[in-house]
Amino acid sequence: MLWRNIPIVLIVLPLFISSLTAVLKPAAARTLMLGVNALCVILSALLLYKTVSLGTAFAVKMGEVGAPFGNELYISSAEALTCLAFDLIELLSLTAAFRRADEEIHTNRRGLFFTVCSLLLAALNALTLTNDLFTGYVFIEITTIAAGALIFVRSREGALFASMRYMIMNLLGSGLFLLGLAVLYALTGQLLFPQMQEAVTLLEATGEYGVPLTASLLLLTLGLAIKSALYPFHTWLPNAYSLATPAASSLLSSLVSKAYIFLYIKLVLRGIGLKAYMSSGAGDVVFVYAAFAIVLGSVDAIREHNIRRMISYSSVAQIGYIFLAAAIGTVNGICACVFQMLAHSAAKAMLFPAADRLSEVSGGNENFRDLRGSGYRAPLAGAAFTVGAFSITGIPLLGGFSAKLFITEAAVYAGGLKLYAVLAALAASTVLNVVYFLRTVVTVYRKSAVFSDKADKTAHPLSAAALCVFILLNLMLGAGAGGIMNIIRNGIGFWTLGV
Amino acid sequence: MKALLADHMHESAAIILFCIGFTTLLLNKNLIKKIIGFSMMDNAIYLFLASYGYIGGRLSPIYINGDTNPEMYVNPLPAGLVLTGIVVSVSVSAIMLALTVRLYRHYHTLDIDEIAEIVREEGR
């Protein structure tokens, strides 16, 4: 039964390492951090294997104290899978930008970069595994600190300011979240999700405190929506993602915002109950915002010529998909939401280092028109960019296509007005995605007279390997979509069973 | 309204303080004032948590004379949450202040709009 302690190790080990890396030399800090990250990948894979093969879900009580005073972690196959994906993508993002991190980060800060990364790893794992809303809040703040530091670690003009704007918006979000949490705790007297759901169901049945309950749900939703950059609150995002070092951009866009969303769906499904949440109206607010995000995020991306800002704006649209799936208001929708989260993480975390490598071999230009022929100078990065772009656009055999399929399927089962809204948003956004991603892919593979077909700097072998694994991961998410979806469905099935 | 303020004085005060802090963090141009707003916002929530965590006439949750009747004591959890929350917001304040110092050294101003202007011109 030793494996049941893995979840604690997944959180405590990176947390411990983060203070250790702060005093080590940069090279040692990197080795240690990457080693621990790889260990976390192995451990979460083991956790996934165990939860799937035994078909169980279990809670780890910290110090054997139960509700309402104790603190718990909860693990089903959905959590284990998300944890595995997060840890693997963090490892790959860090290795894919292996040399770039050295070039762009000042020597004094290089060790601290890995401190921040391991802090982020701990926070991501905790946000995924926690069964307690307040623990969620604490790790939200840790994630915010780590993410803010990831942006300003790069010694480039504007990165400091982008980091400041990021922090301000995120602190507004966590303030709202904390207020919502305080009100919800005042109403229910519980912080652990299952017990909280019982209390909310009771309140819902008696009709007492209807207004405060709705207010607290809206506050919690709004807080997490701001933090994960849902459409009208996304203004901090493009600068933050495009000015950070490529490894940091990958981590921010593919993991940080997803961890908040994972906490959000866990709160909705386990902490409040889908029915009570949807009847409060907060779900419909999210649905409308998400539909706007999908279309307007893509429009912004089309207007952008800087490749990294374009990818950043595409994140706005993709976050819209994720929230849209969650806000359909069915368990199917939530499962589709988790799958879309994984598919987008895998694709976006690959796009940033690939785009960076493409612009590196084009004389450091980030305007997509200047990338002509870069696909020949950096074949692997070109292939990775193409696969990522195809996945996000929704070409079959890749993760993004399956995700869109699952979202549509969930919408069809839900029916009603939402079905038409989902279909319209998906159709419009797919066309827009094709416009900006395919024009970039075509540009990348157009012969250029300016540059010779050979790159002056070869890619670091580890970065190349990471990009290969990324491509495989995206193909796997597409080809093995059915199996992966089953794991998610089984895991989320346990969420709704109650205590 | 009057009854609400009278019956729930601490909670009402907490929410008003939260709104002041939130608006300052969102709208004030001065970075230091933004950070003050942030502290005010978070502390308002701790006031809110602490005020309803206290029930008049009950004791702090420590056994006295072996009396285990739960009606004697208040719930220790809100106080625990407040303590944890304070630690979190202090560390966030610290990183915000450090960031402000670096921004000031680089741009020689604390006005966020002026910094935005300079960044935009540098970007061109």
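How much FRET efficiency would the formula 1/(1 + (r/R0)^6) give for B:H108 and A:K25, where r is the Cβ-Cβ distance and R0 is 25 Å, rounded to 0.05? Efficiency at R0 = 25 Å is approximately 0.15. Can you check what the net charge comes to around A:F161, using other residues whose Cβ is under 14 Å from the Cβ of A:F161 (Lys, Arg +1; Asp, Glu -1)? Net charge around A:F161: +1. Using alpha carbons only, how many angstrom separate the centre of region A:85-121 from the centre of region B:50-83? When both Cα centres are located, 45 Å separates them. For the protein assembly as shown, the mean residue ellipticity at 222 nm estimated from helices alone is -25000 deg cm²/dmol, where every DSSP H run of n ≥ 4 contributes -39500 (n - 2.57) and the total is divided by all residues, rounded to the nearest 500.
Measuring only protein heavy atoms, the 1.4 Å probe finds B:K33 accessible over about 100 Å². Other protein chain C-beta atoms within 10 Å of residue C-beta, averaged over B:39-48: 3. Each Lys and Arg adds +1 at its Cβ and each Asp and Glu adds -1 at its Cβ; summed about the Cα centre, region B:2-123 shows a dipole of about 140 debye. The convex hull around the C-alpha trace of region A:42-81, projected and averaged over every direction, spans 3.0 square nanometres.
In this label model, A:H305 and A:F16 are separated by 5.3 nm, measuring between points 7 Å along each Cα→Cβ vector.
Charge tally for A:F233 (other residues, Cβ to Cβ under 13 Å; Lys, Arg +1; Asp, Glu -1): +2. Distance between the pseudo-spin-label points of B:A6 and A:A427 (7 Å out from Cα toward the beta carbon): 6.1 nm. Residue ranking by accessible heavy-atom surface, 1.4 Å probe, largest first, among B:T100, B:T23 comes out as B:T23, B:T100.
Dipole of region A:2-495 computed with +1 at Lys/Arg Cβ and -1 at Asp/Glu Cβ about the Cα centre; of A:P14, A:F152, A:G382, farthest Cα towards the positive end is A:G382. When nucleic acids and ligands are ignored and a 1.4 Å probe is applied, A:H234 ends up with an accessible area of around 20 Å². Each of A:A383 and B:Y63 was given a label point 7 Å from its Cα along the Cα-to-Cβ line. The distance between the two points is 6.8 nm. When +1 charges are put on Lys and Arg Cβ atoms and -1 charges on Asp and Glu Cβ atoms, the dipole computed for the protein assembly as shown relative to its Cα centre reaches about 1620 debye.
Distance between the C-alpha centres of region A:218-236 and region A:156-197: 10 Å, rounded to the whole angstrom. The alpha carbon convex hull volume per residue for chain A rounds to 124 Å³.
Interface area, chains A and B: about 3200 Å² of buried accessible surface, summed, with a 1.4 Å probe and ligands, DNA and RNA left out. Using Cα atoms only, what is the angle between the long axis of helix A:257-266 and the major principal axis of chain A, expressed in degrees (0 to 90) to the nearest 10? Tilt relative to chain A: about 20 degrees. Per-residue shielding of B:83-95, expressed as the average number of other chain Cβ atoms within 10 Å of the residue Cβ, stands at 4.
Averaged over its residues, chain A has an accessible area of 32 Å² per residue, based on protein heavy atoms and a 1.4 Å probe.
Accessible surface of chain A, 1.4 Å probe: 67 percent of it comes from carbon and sulfur atoms.
Mind listing, in residue-number order, the residues in region A:111-160 that have at least 10 Å² less accessible area with every protein chain present than in their own chain alone (1.4 Å probe)? By number: A:F134, A:Y137, A:V138, A:E141, A:I145, A:F152, A:E157, A:G158, A:L160.
In terms of its Cα atoms, region A:178-297 spans 51, 27, 20 Å along the principal axes, sorted from long to short.
What base-10 log of the normalised intensity I(q)/I(0) is obtained for region B:2-123 from the Debye formula, alpha carbons as equal point scatterers, at q = 0.17, 0.22 Å⁻¹? Here log10 of I(q) over I(0) equals -0.92, -1.18.
The values are calculated or read from the model by the stated rules, or taken from the named source; none is laboratory data. For clarity, every value in this text was computed on a predicted model and none was experimentally measured. As a convention, Cβ positions derive from the backbone with ideal geometry for all residues, glycine included, and neighbour counts pool all protein chains shown. When the accessible area is computed, the model is the full protein with side chains, heavy atoms only, and any ligands, DNA or RNA have been set aside. Shrake-Rupley method; radii C 1.70, N 1.55, O 1.52, S 1.80 Å.
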